[in-house]
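A.B. asks: Mind having a look at this structure? Questions to follow.
Every read-out reported here was derived from the displayed coordinates using simple, explicitly stated rules and does not represent laboratory data. Note that the structure is predicted; figures quoted are calculated from it, not measured. Note that we place each Cβ from the backbone using ideal geometry, even for glycine, and neighbour counts take in every protein chain shown.
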Amino acid sequence: MNREHELLTAAIEKANENKSNIKKDPYYPLYHVASPVGLINDPNGWIQWKGTYHLFFQWNPFENSHGAKFWGHVTSTDLVHWKEESPALAPSESYEKDGCYSGSAIAIDDKLYLFYTGNVKNDDQRESYQCIAVSQDGHQFRKLGNVLDVPEGYTAHFRDPKVWKENDVYYMVMGAQTLEEKGCVLLFQSKNLHQWENLGVLADGFGYMWECPDFFSLQGKDVLLFSPQGMEPEGIHYQNTFQSGYFIGEWKEGTNRYTHNHFQEIDHGFDFYAPQTTEDEKGRRILIAWMGMADGFEHLHPTLDYNWIHQLTIPRELSIRDNKLIQQPVEELKQLRGNKLYDRTIKDRWNGEISRTVEWIFKPNDEQEFTLELYNGIQLVYNQREKTLSFYRERLDHKGHEVRTALVEGNVSEVRAYVDRSSIELFINDGELTFTSRIFPSIKNKEMQIHGDGHLTVWNLAKKVGE
Ligand code: FRU
């Protein structure tokens, strides 16, 4: 058996062995993509190909920690039901021995190509190689090896290729760090996928490393989405260990000339990183992110008892409104709606019981403060005077609560939530603000409370029997 086959077989065995465990875990999600065993992080290679959505992810099947990453693989035809596939990439070769790191997918002439970073670490020395793998059937991938070395002037923190095609030219954005340890995104172009010309810095200006860039056009604008490391907290901003955000601007094709507005955070919760988008066959720009964070608290996740850690977000459709990225749950997720638990007017105070897989929509009355509380301790508080929304959850080390706050423009007219056992995704005002977080409330708690006036609708979410 060759090394690649050996590693892939061992990973599949690990996942199979853990099936009975994850079934028992009350925190294992119903409708989110989560690790079958071990740790997952960034979504990778996100694409709809020949009608089927293919989603890959960074995966360490052997430990509940970061390490030599594989590319796990799931597919879907409806963005609601995900089918587990055999892992696509294992770190079997010398140029990727410490991980097949993040990257993207592109379909060319009936074939599916994956671009990823081969990560090598020897003592303190890091090397990185930008690699290609190709598939005819979307299941088995043949590696073609390294196509791009680290350019001069940059450290080996050079990774996460995102490739696309425009007017017969292939382009690639790369996360990079200069020798002076400044983060940036570099742009490359190619006629054949194998030789890449460096067009230079597309954007830079803060932080020590920019990870997972994605560059796409949307409603006539050019959006650069990326995850910068090394931003200091500033008031309510940049509170997580690492951030994710974007520029909106204009790019002169074929050059690195990109004029853009200021950096904006894309999410305001605790667990959102390394988002990746794709344009699907309906022409929608759909985003999925890692619902996790390398924040030093990973060893406290209760899911470790069941031998897995982390999950991805639900797919979200992107648009631009008032120079801001808007995120809305894809329409297909409405298929999950089962019975309506509540559809009622709330006056002043209300409490009821909900399950752990719910969608709810609360429409507060105009200009009014409110507090929404779930499972005793998870709170969303709207302060009308200061125009702030604050999301509270219990700290993972149980030492009190922690909070993330965002500013609201205008008023809050709608709060929509997707709850899935150990996660909550909040969409405010039709996707103008989002808060994405893992939550681990005591599993028996079913309480929901509202202080305020408005209308509440709650659906129980379920997959249809047999799925
Ligand atoms: C982001 C990241 C990427 C890297 C991958 C390794 O979370 O650090 O830059 O490719 O994770 O798993």
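A.B. asks: Provide the net charge surrounding GLU127, with neighbours chosen by a C-beta distance below 13 Å and charges set as Lys +1, Arg +1, Asp -1, Glu -1.
C.D. replies: Taking every other residue near GLU127 into account, the sum is -2.
A.B. asks: Between LEU300 and GLU386, with labels modelled 7 Å along Cα→Cβ, what's the label distance in nm to one decimal, could you check?
C.D. replies: 2.3 nm
A.B. asks: So, one more: Within the stretch 218-265, list the GluC sites (Glu not before Pro) lying in a DSSP loop whose Cβ has at most 16 other Cβ atoms in a 10 Å radius.
C.D. replies: GLU253
A.B. asks: What distance in nm lies between label points placed 7 Å from Cα along the C-beta direction at LYS165 and PHE206?
C.D. replies: Taking the two extended label points, one gets 3.7 nm.
A.B. asks: Now, a different point. How would LEU333, LEU55 line up from fewest to most surrounding beta-carbon atoms within 10 angstrom?
C.D. replies: By the 10 Å Cβ count, ascending: LEU333, LEU55.
A.B. asks: What is the sum of charges, Lys and Arg at +1 and Asp and Glu at -1, for the other residues whose Cβ falls under 14 Å from the Cβ of HIS401?
C.D. replies: Every neighbour counted, the sum reads 0.
A.B. asks: I would also like to ask the following. As a check on your grasp of the helix formula, calculate [θ] at 222 nm for the chain: sum -39500 (n - 2.57) over DSSP H runs of n ≥ 4, divide by the residue count, round to the nearest 500.
C.D. replies: Rounded to the nearest 500, the figure is -1500 deg cm²/dmol.
A.B. asks: Also: Just to check I understand the Karplus step: with θ = phi - 60° and J = 6.51 cos²θ - 1.76 cosθ + 1.60, what whole-Hz values come out for the stretch 393-402, glycine and proline as x?
C.D. replies: 9, 6, 5, 5, 8, 6, 8, x, 10, 10
A.B. asks: Report, ordered by chain and residue number, the aspartates and glutamates lying within cross-link reach of LYS463, taken as a straight Cα distance under 15 Å and ignoring same-chain residues fewer than 8 apart.
C.D. replies: Cα-Cα hits under 15 Å: ASP78, GLU332, GLU359, ASP420.
A.B. asks: Still on this model: Compute the signed sum of charges (Lys and Arg +1, Asp and Glu -1) over the other residues within less than 11 Å, Cβ to Cβ, of THR388.
C.D. replies: Charge balance near THR388 sits at +1.
A.B. asks: Can you pull out the trypsin sites (Lys or Arg not before Pro) in the stretch 243-332 whose DSSP state is coil and whose Cβ has at most 10 other Cβ atoms within 10 Å?
C.D. replies: Within the stretch 243-332, the qualifying trypsin sites (Lys or Arg not before Pro) (loop, at most 10 other Cβ atoms within 10 Å) are LYS252, LYS282.
A.B. asks: Taking H as built 1.01 Å from N, whose amide H comes closer than 5 Å to the amide H of TRP308, not counting residues under 5 places away?
C.D. replies: GLY38
A.B. asks: Measure nothing but the geometry: give the 0 to 90° angle between the long axis through the Cα atoms of 3-17 and the longest principal axis through the Cα atoms of the chain, rounded to 10°.
C.D. replies: 20 degrees
A.B. asks: Tell me, TRP459, TRP46 in order of fewest to most beta-carbon neighbours within 10 Å?
C.D. replies: TRP459, TRP46
A.B. asks: So what J values fall out for the stretch 193-206 if you push phi through Karplus, 6.51 cos²θ - 1.76 cosθ + 1.60 with θ = phi - 60°, rounded to Hz, Gly and Pro as x?
C.D. replies: 6, 9, 10, 10, 9, 7, 8, x, 6, 8, 7, 6, x, 7
A.B. asks: Hey, another quick one. Enumerate the calculated ³J(HN,Hα) couplings along the stretch 113-127 in order (Karplus 6.51 cos²θ - 1.76 cosθ + 1.60, θ = phi - 60°), each rounded to whole Hz, writing x wherever the residue is Gly or Pro.
C.D. replies: Values per residue, Gly and Pro as x: 9, 10, 10, 8, 9, x, 9, 10, 10, 10, 6, 9, 8, 10, 10 Hz.
A.B. asks: For each of THR388, THR259, THR434, count neighbouring Cβ atoms within 10 Å of the residue's Cβ, then give the residues from fewest to most.
C.D. replies: The order, fewest Cβ neighbours first, is THR259, THR388, THR434.
A.B. asks: Using amide H atoms built in the peptide plane, which far-off residues or other-chain residues are under 5 Å from TRP59 H to H?
C.D. replies: Amide H to amide H, under 5 Å and 5 or more residues apart or across chains, TRP59 pairs with ASN41, PHE70, GLY72.
A.B. asks: For the chain, what percent of Cα pairs sit more than 42 Å apart?
C.D. replies: Here the tail beyond 42 Å accounts for 13 percent of pairs.
A.B. asks: Here are some pairs, LYS50/LYS143; LYS24/LYS340; LYS14/LYS83; LYS162/LYS182; LYS363/LYS464; LYS165/LYS252; which of them have Cα atoms lying more than 23 Å apart in this structure?
C.D. replies: LYS24/LYS340; LYS363/LYS464, as the Cα separations exceed 23 Å there.
A.B. asks: Counting only residues 5 or more places away or on other chains, whose amide H sits under 5 Å from the amide H of MET291 once H atoms are built in the peptide plane?
C.D. replies: GLN311, LEU312, THR313
A.B. asks: Considering only DSSP states other than H, G, I, E and B, which trypsin sites (Lys or Arg not before Pro) in the stretch 27-105 qualify as loop sites with at most 12 other Cβ atoms within 10 Å?
C.D. replies: Listed in order of number, the matching sites are LYS50.
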